[in-house]
Amino acid sequence: MPGHVATIHNRLRIMDPGKAANKIKVDITVVSGRRPELLERTLSSFADLVFPNFEPGRAIVNIDPFCGTNEDTERCVEIAHRYLPDPTVLVQETASFGASVKRLWMATSAPFVLHLEDDWIALENIEPRSVFPLFEGQTRMVSLMCTSKNWNGRDRYHCRRKRITFFYLSRHPDPKRPVFTTSPSFIEGEFARRCGMLMNPDLDPEKQFHNKRNHALQSYASGYANRFLIGRKRPMVIADIGRDWRDAQRIEKRIIDGRSIWVEQVAERSSAGSSRQNAR
């Protein structure tokens with residue numbers, strides 16, 4: 001465990017967990033396309049329910065030219081400044097999901113990072129005392145529970161599953177195969193920066209943690225864990241608002257040779273398809 005994180009754990013054990021946790025700085029990183037209507041809903045919800053509860057570090061936003069127009073980029077910049085404390089906004093000329101995550105994670109410096117994407121909203125109040133105590137043992141990420149994780153109501157950690165046959169076939173989480181995500185999560189800062197350094201910008205940032213295309217990153221991350229943050233009133237603490245948007249745009253994400261490809265469904269059916277490689 002990195003020294004500064006060990007110090008944090010000791011402080012939380014000795015002091016009032018709430019008071020101690022409130023003094024821990026958290027950097028905020030945001031991956032965004034040119035979708036101001038989604039970005040505003042995302043940042044507005046987190047500004048209401050999450051940001052005020054944590055000691056702010058740096059806020060860094062990466063805006064890729066994914067969808068939208070130059071005017072939409074300007075709107076996204078304005079929205080970032082409205083909801084985040086003195087943000088650094090990085091506007092890119094080329095869209096690359098992997099490069100954006102790599103860039104953001106390597107730019108952090110705080111003990112912890114809250115990583116966001118532009119198409120998720122917070123559903124309930126999230127406080128330090130609910131987050132930081134979960135960073136125990138090998139836990140380096142605490143991901144916010146959402147419907148897409150298909151939670152069974154029991155597992156505490158996000159792992160890939162293995163088949164076990166004993167009277168009947170079943171699937172159980174395999175702690176040796178942890179799953180790490182770029183959906184909204186709290187991340188131990190040194191872990192985020194190390195993963196950013198090892199990340200291949202040309203590959204999907206999530207898939208390369210486990211698909212054997214980035215052996216250095218997969219080997220490093222395999223020794224650590226991703227813990228679920230489960231809601232108090234209901235399991236889900238965030239909701240995906242990008243799915244309806246994608247359906248309306250008639251696009252879908254596919255992984256081809258380890259890269260994220262957005263395919264326009266209408267064009268594909270007319271055999272004149274176009275795609276946006278690694279855009280998100």
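Data overview
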read-out	value
Long-range HN-HN contacts of ILE251 with modeled amide H, under 5 Å	GLN265
Extension reserve of the SER109-ARG82 stretch, reckoned as 0.36 nm per residue once the Cα distance is removed	7.5 nm
Gain upon complete extension [ASP247, SER219; 0.36 nm per residue less C-alpha separation]	6.5 nm
Residue exposure sequence - TRP245, TRP105 - by fewest surrounding Cβ within 10 Å	TRP245, TRP105
Most to least packed among 151-157, 86-92, 134-140 [average Cβ atoms within 10 Å]	134-140, 86-92, 151-157
Set of aspartates and glutamates with alpha-carbon distance to LYS207 below 13 Å, sequence-local pairs under 8 removed	ASP257
Segment 30-82, relative contact order in percent, only Cα pairs under 8 angstrom and at least six apart counted	60
Likely footprinting exposure, LYS212, LYS23, LYS102, fewest C-beta neighbours within 10 Å first	LYS212, LYS23, LYS102
Linear extension gain, ASN150 paired with THR94, 0.36 nm per residue minus alpha-carbon span	16.8 nm
Likely footprinting exposure, GLU74, GLU40, fewest C-beta neighbours within 10 Å first	GLU74, GLU40
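Here, each number is a calculation from the coordinates, and none is a lab measurement. Note that the structure is predicted; figures quoted are calculated from it, not measured. A quick note on method: Cβ atoms are made from the backbone with ideal geometry, for glycine too, and the neighbour counts reach across all protein chains shown.
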